[in-house]
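To start, the structure itself, in structure tokens.
The values are calculated or read from the model by the stated rules, or taken from the named source; none is laboratory data. Note that the coordinates shown come from a computational prediction; the quantities given were computed from them, not determined experimentally. All Cβ positions, glycine included, derive from the backbone under ideal geometry; neighbour counts span all protein chains shown. Just the protein is used for accessible areas: all its heavy atoms, side chains included, with ligands, DNA and RNA removed. Shrake-Rupley method; radii C 1.70, N 1.55, O 1.52, S 1.80 Å.
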Amino acid sequence: MLYWLTWLSDGGDVFNLFRYITFRAGGAFLTALVFGFLFGPPLINVLRRRQSKGQPIRTDGPETHFAKAGTPTMGGLLIVGALVTSTLFWARLDNPFVWLVLFVTLGFAMIGFADDYAKVSRGNVKGVPGRVRLLLGFAIALVAALWASYNHPAALQNQLALPVFKDVLLNLGIFFVPFAMFVIVGAANAVNLTDGLDGLAIMPVMIASATLGVIAYTVGRTDFTEYLGLHYVPGTGEILIFVAGLIGGGLGFLWYNAPPAAVFMGDTGSLALGGALGAIAVATKHELVLGIVGGLFVVEALSVIIQVLYFKRTGKRVFLMAPIHHHYEKKGWAEPQIVIRFWIIALILAMIGLATLKLR
């Protein structure tokens, strides 16, 4: 919205700054961060009053989690509110990719909110049925996939770009849409599975989004894409502003989610943020790079899939408990130890993902 102030510029005044994506990204970050600090305490107080027993704790989970009883959930409202507000203030609202990521984020946030509300109101861990959540998620992803494909350059429509092998494009044809849907829904649910310890999910999400933000800015510039040999996707640079808002809102949330957490993000936050990562990857034609950058989320999801399939086949478990962060809890690792080590892994994977931009 503030981009419109450029209409008042004669090219050499302060209003000219609003033309620059990097300046507006900085503004979005600060806006979201201040939003988080201002509205965090009142939101947490409201959630505490409305949720007398807090988020239901799994009875079959690690014993240490029973001490978290009474902690309110739905803290994802703070992150989503911060990033949406900052994006609407600082991004160009005539950019289709901005509305694409906002649509996916808000859509999955609504699914997560419904799930959190059902859990809290019933006082147990059973929320919205999994099949309903998946159906709604795929419906949102279908719209997003068609939206992205329509706004991609003609040469890139329905094409799958490969990391490192930058000259190679795989024409998925009619299969691009279901592939993109799988990326978005898969990312949303993978982040959701990762959100099991205080601070565990939010920092890797911020790391992954920052990486994707750099990619979005890079592929949205002809000079950078020519130098790096990447595929140019006009308009994706504005996604950096959304990412900046996500990071600012994420840091504001982490202030209250740091151990011991005063609030959990809940499915409201985890589904929304995961869906946002998937939408950015689809918009920028870096779906496979998301699998590297978000490798931690992939491992968490795979640990659940492996555990379920192996148990159904043999009656035995591969991990002491899934997702895999609970496995290390069962082995006696302290919660902060697991969280910080997973943060380090997420950072390493992000650096590898960024390296694919230069490798050829």
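General observations
- Test result for Arg24, open to solvent by less than 60 Å² (accessible area, probe 1.4 Å), at pLDDT 70 or above and of a type in the set (Lys, Arg): yes
- So Val164, is it at pLDDT below 95, part of a loop (DSSP other than H, G, I, E, B), open to solvent by 30 Å² or more (accessible area, probe 1.4 Å) and touching an Asp or Glu at 6+ places or on another chain (Cβ under 7 Å): no
- Which numbered condition Ile292 fails, given (1) more than 28 Å from Gly127 (Cβ to Cβ); (2) under 16 Å from the mean Cα position of the chain (by Cα); (3) outside any helix (DSSP H, G or I): (3)
- Screening Gln307 with (1) modelled with pLDDT of 90 or more; (2) within 23 Å of Val205 (Cα to Cα) gives one miss only, at (2).
- Test: residue in segment 253-262 that is in contact with a helix residue (DSSP H, G or I) (Cβ under 8 Å, 6 or more places away or on another chain), modelled with pLDDT of 95 or more, within 17 Å of Ala145 (Cβ to Cβ) and open to solvent by 10 Å² or more (accessible area, probe 1.4 Å): no
- Residue match in segment 47-60 (condition: aliphatic (A, V, I, L, M), part of a helix (DSSP H, G or I), more than 30 Å from Ala322 (Cβ to Cβ) and modelled with pLDDT of 75 or more): no
- In the set Gly315, Gly278, Gly332, Gly294, only one residue is under 27 Å from Leu354 (Cβ atoms) and out of contact with any Asp or Glu (no Cβ under 9 Å at 6 or more places or on another chain); that residue is Gly294.
- Helices (runs of 4 or more DSSP H) fully within segment 179-268 counting 2 or more residues that are under 26 Å from Pro163 (Cα atoms) and of a type outside the set (A, V, I, L, M): 202-219, 222-228
- Residues of segment 297-329 satisfying the condition of being out of contact with any helix residue (DSSP H, G or I) (no Cβ under 8 Å at 6 or more places or on another chain), over 23 Å from Ile184 (Cβ atoms) and open to solvent by less than 80 Å² (accessible area, probe 1.4 Å): Gln307, Thr314, Gly315, His326
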